[in-house]
1. If you roll a 1.4 Å probe over the chain with all protein chains in place, what percent of the accessible area is carbon or sulfur?
2. Using DSSP to define loop residues, name the trypsin sites (Lys or Arg not before Pro) in the stretch 2-50 whose beta-carbon has at most 13 other beta-carbon atoms within 10 Å.
3. What does the stretch 225-271 give for Rg and for Dmax, in Å, if only its C-alpha atoms count?
4. Apply the Debye scattering formula to the stretch 36-135, with a single equal point scatterer on each alpha-carbon and no solvent, then give log10 I(q)/I(0) at q = 0.16, 0.20, 0.23 Å⁻¹.
5. How large is Rg over Rh for the stretch 111-206, taking Rg from the Cα atoms and Rh as the Kirkwood inverse mean of 1/r across Cα pairs?
6. Quick check: the distance between the Cα centres of the stretch 288-309 and the stretch 1-58, to the nearest angstrom?
7. Please compute, for the alpha-carbon atoms of the stretch 234-335, the extent along each of the three principal axes and give them in descending order in Å.
8. Normalised by the number of residues in the stretch 302-387, what is the relative contact order in percent for Cα pairs under 8 Å and 6+ residues apart?
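The values are calculated or read from the model by the stated rules, or taken from the named source; none is laboratory data. Owing to the predicted nature of the structure, the values given are computational and were not obtained by experimental measurement. Reconstructed Cβ throughout: ideal geometry from the backbone, glycine too, with neighbour counts over all protein chains shown. Keep in mind that these areas ignore ligands, DNA and RNA; they rest on the heavy atoms of the full protein, side chains included. Shrake-Rupley method; radii C 1.70, N 1.55, O 1.52, S 1.80 Å.
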Amino acid sequence: MPDVCLISKVWRSGTGWYAQMLSEAIGEAGAQIAFISPAAEPREREPKGTNLKRVFVPRELMTAAPRWKRLTASLRRSISSTVAAISLRRTTGTYIFNIPEPFIFTLPLFVFLRMSGAKIIYIVHDAVPHKWRFDGFIRKFEDMLYRVSYALPNHLVVLAPAARQVLVKRYGISADKIGVIPHGPFSTGSITPMPGTGRLLCFGTVRRNKNVLETIRAVKTARAQGLDVTLQISGEIHPLESEYWDTCLAEIRQDEAGFELDIRFVPDASLPELIAKVDAFVLPYEDFSSQSGVAVLAATSGRPVIGTASGGLADLFAVGMAGVELVSPVSSDAILQGIYTFKGESISAWSARAALGAESVQKEIAWSRVAQQFLNIVRDLNRHAPA
């Protein structure tokens, strides 16, 4: 029977992929693990292994269904996940939460598990939300809920040292309670040759802190100065930042030939072709303390990154990710300079550096090492449990 349970409400995107690969890696490391989550999308991502017990819960609706149907589906998933977690308590001593259900379900579950003697490890992807849902007094209450969610677990895991600093300074969490375990690698298959077309890529959820607007302005200026570059923007718009995207669109319309847009959730099947068409990723993140799954994908796919050393990107640069590190604070001029630096070297030189970088990053953040670090925390928590 399982002795570790991993819970994640997401089943697609980078955070879903992360949970799926982590559950499989923990099982391969020898632990009995139950994985509570909706079915993976695509199904090929479903984790496998003799030590893995798969517990499926319903998905939420991602289509343009009526609001009441979407809320009903989300409620069904939250209740099913919570009931599944409780039902495993008799045989499971340690729970790992990836992206948990809303606080109204998660905090009472944390309390129940702690009172029953279970150990909780909470993977904190973003110590502070990229975009708060509320303002004023309600914002303070929202922030308090985050503080409580960090206080209740036995141990927190972050993906980059910068996130630990945020938890310590903003929320007063003891550094001893926070482990730093890197994001494991993503792979879309073999590394494809860089095409040398000057096509750059902004990939993932479009948010203000990714400086997409500044990137658009930098590409426009580069093209006006005669540099042969284009920018592809692929990904969904953050649901709370649609006005920001409207501003980006207005900027793009001034030079539509320099941009290609694919504004949607990009499925796995499209990733190899998407990456094969670009020379580099542009990731000028700010106010970012976690690891970027997009940066991991770029590095392990043999593509350089024109980006900041923000959050976990600094860690990837340190272990060999190829690219151009942008100066801070981020501005369109800083990104423009980064593009010029990238274009100043030959594609063959970048290809060689990116291939070496992919090999180095794959080795440093291998899933087997990630799983072992999680299991070390599990053992330590149980070793120090009261008799």
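1. 55 percent
2. Lys48
3. Expressed in Å, the Cα Rg and Dmax of the stretch 225-271 come to 12.5, 36.
4. Listed by q, the Debye log ratios stand at -0.86, -1.25, -1.41.
5. That ratio equals 1.12.
6. 24 Å
7. Principal-axis extents of the stretch 234-335 (Cα, largest first): 38, 35, 27 Å.
8. Value for the stretch 302-387: 31 percent.
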